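These notes concern the structure reproduced below.
Only the coordinates and a few stated rules stand behind these numbers; no lab work does. For clarity, every value in this text was computed on a predicted model and none was experimentally measured.
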Amino acid sequence: MSDHHTEFADFFQASWEPCLRTLVAVVGSPALAEDQVAEAFARAWASWPKLRRHPAPQAWVVRTALNTGASWWRRRRGELPLADHGLTAASDLDGGLDAVLLTAIWRLPRRQREVIALRIFLDLDTATISRQLGIEAGTVRMHLSRGVTALRHELTPTKSTEAEQ
């Protein structure tokens with residue numbers, strides 16, 4: 001195998017799980033996330049000579065996967081999705097994702113889910129998230145703060161909940 005192939009294979013091995021987890025957290029459907037990530041990695045392979053120099057290639061894969069999903073929905077604009085389309089019960093997931101946390105993330109607005117997922121699952125900094133999502137760094141910080149606050153509020157037991165247990 002050439003260095004080009006080996007380098008991409010190593011990137012793929014190291015990146016598949018974090019990218020998939022990030023997409024599952026954003027889109028809420030493991031099957032849809034897997035399809036989008038697979039398409040994004042196919043595009044990454046086609047662009048590997050250029051992508052390998054990208055400062056955050058995992059973020060590029062996630063952004064490409066999200067764009068793939070957005071394009072798919074735009075093409076089907078006239079169709080009406082069923083309620084909770086594609087959402088799988090978080091308890092049905094594997095891969096080390098905490099079901100309670102994942103369910104709470106799915107309840108966030110889309111942009112907050114994207115920012116939280118890129119920060120938590122890919123450990124990207126604010127500037128990188130800003131570039132990948134095409135939004136200002138201050139907006140990233142705002143979504144991150146609001147998302148973390150909402151998650152903290154939802155996931156932290158209240159005194160009345162603790163008393164009931």
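Points to keep in mind about this one:
- Using 0.36 nm per residue and subtracting the Cα-Cα separation, the extra length available between D125 and S47 on full extension is 25.7 nm.
- Residue-by-residue Karplus 3J(HN,Hα) for segment 4-14, coefficients 6.51, -1.76, 1.60, Hz, glycine and proline x: 4, 5, 5, 4, 5, 4, 5, 4, 4, 4, 6
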